[in-house]
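What follows is one structure encoded as structure tokens, with my remarks underneath.
The values are calculated or read from the model by the stated rules, or taken from the named source; none is laboratory data. Since the structure is predicted, the reported quantities are computational estimates derived from the model, not experimental observations. Methodologically, a virtual Cβ is constructed for each residue, glycine included, from the backbone with ideal geometry; neighbour enumeration extends over all protein chains shown.
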Amino acid sequence: MKQSRIFNLLLGGLLSTSACQMAEQGKEVRNHPNIVIIYMDDLGYGDVGAYGATAIKTPNIDRLAAEGLRFTNGYATSSTCTPSRYALLTGVYPWRNKDAKILPGTAPLLIDTQQQTLPKMLKQAGYRTGVVGKWHLGLGVGHVDWNQRITPGPNEVGFDYSYIMAATQDRVPTVFIENGKVVGAEADDPIDIDYHQNFEGEPTGLDHPELLRMRWHHGHNNSIVNGIPRIGFMKGGEKAKWIDENMADTFLTKACTFVKERQSEPFFLYYAMHQPHVPRTPNPRFAGSSGLGPRGDVIVEADWCIGAFMKTLEDEGLLESTIVIFSSDNGPVVNDGYYDDAVEKLGDHRPWGPLRGGKYSLYEAGTRVPFIVQWKGRINTGVSDAVICQMDLLASLADLTAQDIESSDSRNLLQVLLGDTNQGRNELILEASSRTALRKGDWVMIPPYNGPTRNEQVNIELGNSDEYQLYNIKDDAGQQINLTEAEPEKLKEMIDSYEAIRGH
Ligand code: NG6
Ligand code: CA
């Protein structure tokens with residue numbers, strides 16, 4: 001791996017001016033740029049301008065695309081959060097781990113502390129590593145005492161610094177955790193969390209609708225925090241509770257501070273934003289900004305945060321020495337359990353773009369997401385249709401930083417990431433709530449699955465059918481024409497490839 005990397009660098013240096021310029025800046029910058037992953041929560045393929053949205057304005061994300069490389073076939077491994085994040089950080093297909101499902105706030109740490117991870121690999125390469133934002137990969141080993149140092153967590157799987165929410169914005173505990181300690185915790189107001197039973201005397205969304213400023217549509221009727229009913233029960237920690245409308249600014253400040261406090265070593269920052277996941281709570285500066293209700297407003301807010309973050313990189317003189325990767329953990333959902341006007345104000349906006357399905361779905365919109373890479377002066381800018389998955393970042397960034405790692409699922413696609421070639425993955429397993437499908441070349445094959453064809457509550461087609469489904473997504477991006485009968489040989493080839501990977 002190391003040899004081919006050096007060869008490619010030499011070759012790249014001979015061929016491209018930008019690589020020559022990089023060479024002048026020295027080996028450090030070229031091999032060890034700072035690395036930032038900006039990871040959105042439930043942002044759809046069609047939610048940003050660079051991917052065709054017109055109703056929502058996202059100038060800062062569009063700028064990343066205009067000055068970087070925009071992938072049209074970039075994938076999360078899964079159509080929900082926890083499995084996608086597991087794959088991003090470990091480079092392993094999440095369906096290999098039976099516990100890689102949407103986790104409650106009390107779940108134990110999903111990543112084995114002995115496992116290879118992206119931050120560990122980069123630490124080995126000399127990086128200072130940090131995570132700011134949504135975690136949702138479990139904490140502790142079983143019963144967590146939220147009033148003590150919470151461990152193991154991000155700091156035990158490779159992050160030098162962590163400032164996180166444990167699970168999701170709609171799940172308790174609704175507090176920030178910095179390096180294992182609840183921020184603002186007070187000894188005389190201890191925090192208790194339970195996902196099965198309420199604490200005596202605590203109001204819930206179910207019993208006390210009059211206390212709510214946001215109504216629940218499905219689920220989300222347990223403890224009330226800031227007038228918003230959540231999933232799970234929480235007692236105590238009054239002063240530690242976050243203010244939902246300030247969350248974006250809090251994470252932005254922590255992300256920028258992490259960058260500004262850098263020392264001589266390069267940094268890796270995993271900036272895991274919470275938008276546009278429910279509950280959508282834009283800061284008042286952004287309320288009403290999109291005309292599409294809070295879902296649109298928090299996308300505008302997130303875009304602004306990205307602009308402010310990029311400005312920090314620029315002001316610190318780091319644009320040329322930082323590779324920024326932007327993506328989302330899964331596809332979009334309009335109604336994910338609260339009445340928040342997202343459905344009523346959607347208008348012509350199509351969060352899923354030209355694709356079928358959305359969050360929770362095995363159809364394309366579940367896993368195909370915005371995927372943009374920017375590295376000023378180094379990357380070949382433009383649009384790439386190579387198939388690439390977030391799981392591939394482990395092996396690709398290992399190559400970039402000259403680390404030898406063992407990986408089977410994660411592919412080294414560094415040259416694809418930098419726009420030097422269009423030869424991406426040939427095969428990729430896609431996952432939706434433990435069901436899997438295969439993308440190979442221009443084709444997608446979905447095996448038969450029991451269960452409803454549509455999740456009526458969220459109004460999304462899930463991909464279940466009694467029969468095999470086979471689509472040519474180059475000709476039929478919207479997966480409307482099932483070619484199972486017309487292309488029996490292709491179907492057989494796809495089933496064989498699928499079973500070979502899944503080990504049937
Ligand atoms: C679901 C929640 C949904 C969201 C999702 C996790 C209900 C009815 N729905 O169980 O609102 O929280 O979990 O989303 O509770 S994810 O992006 O973190 O995967
Ligand atoms: Ca998500």
Of the residues in the stretch 291-308, those that are among the small types (G, A, S) and buried (at least 23 other Cβ atoms within 10 Å of the Cβ) come to G296, A302
Scan of the stretch 252-276 for residues that are under 19 Å from I61 (Cβ atoms) and of a type in the set (G, A, S), ordered by number: A255, A272
Of the listed residues (G133, G184, G126), the one being over 24 Å from the mean Cα position of the chain (by Cα), in contact (Cβ under 8 Å) with a residue 40 or more places away in the chain and under 20 Å from I37 (Cβ atoms) is G126
Search the stretch 322-360 for residues being among the hydroxyl-bearing types (S, T, Y) and in a strand (DSSP E or B), and hand back the single one that is farthest from ligand 2 (Cβ to nearest atom). T322
R149 passes all but one of the listed conditions (1) out of contact with any strand residue (DSSP E or B) (no Cβ under 8 Å at 6 or more places or on another chain); (2) charged (D, E, K, R); (3) without any contact (Cβ under 8 Å) to a residue 60 or more places away in the chain; the exception is number (1)
Qualifying residues in the stretch 227-254 (those that are free of Cβ contacts under 8 Å to residues at least 24 places away in the same chain and not in a helix (DSSP H, G or I)) - the one farthest from H274 (Cα to Cα): G227
Odd one out for G424 among (1) part of a strand (DSSP E or B); (2) small (G, A, S); (3) in contact with a helix residue (DSSP H, G or I) (Cβ under 6 Å, 6 or more places away or on another chain): (1)
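When you go through G133, G138 one by one, which is the residue that is outside any loop (DSSP other than H, G, I, E, B), within 16 Å of ligand 1 (Cβ to nearest atom) and at positive phi?
Values: G138 fails: outside any loop (DSSP other than H, G, I, E, B).
Result: G133 is the single residue among G133, G138 that is outside any loop (DSSP other than H, G, I, E, B), within 16 Å of ligand 1 (Cβ to nearest atom) and at positive phi.
I'm trying to understand the selection: among the residues of the stretch 270-298, which are of a type in the set (F, W, Y) and within 16 Å of ligand 2 (Cβ to nearest atom)?
Step one: list which residues in the stretch 270-298 are of a type in the set (F, W, Y), which gives 270-271, 286.
Y270, Y271, listed by residue number.
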If you take the residues in the stretch 187-220 that are in a strand (DSSP E or B) and in contact (Cβ under 8 Å) with a residue 40 or more places away in the chain, which one is nearest to ligand 1 (Cβ to nearest atom)? W216
Taking the stretch 299-334 only, how many residues are of a type outside the set (A, V, I, L, M, F, W, C) and within 19 Å of the chain's Cα centre (by Cα)? 9
Restricting to the stretch 373-421, name every residue that is farther than 24 Å from R96 by Cβ, of a type in the set (S, T, Y), assigned to a loop (DSSP other than H, G, I, E, B) and touching a residue at least 40 places away in the same chain (Cβ under 8 Å). T381, T401
Taking the stretch 156-176 as the search range and keeping residues that are in a loop (DSSP other than H, G, I, E, B) and more than 16 Å from ligand 1 (Cβ to nearest atom), which one is surrounded by the fewest Cβ atoms within 10 Å (Cβ to Cβ)? D160
All positions within the stretch 122-153 that are under 24 Å from P83 (Cβ atoms), out of contact with any Gly (no Cβ under 8 Å at 6 or more places or on another chain) and surrounded by 21 or more Cβ atoms within 10 Å (Cβ to Cβ): G130, V131, V132, G133, K134, H136, L137, G138, V144
Between a first residue in the stretch 43-61 that is over 12 Å from R295 (Cα atoms) and a second residue that is modelled with pLDDT under 95 and among the aliphatic types (A, V, I, L, M), which pairs have beta carbons less than 9 Å apart while being 6 or more apart in sequence or on different chains? none
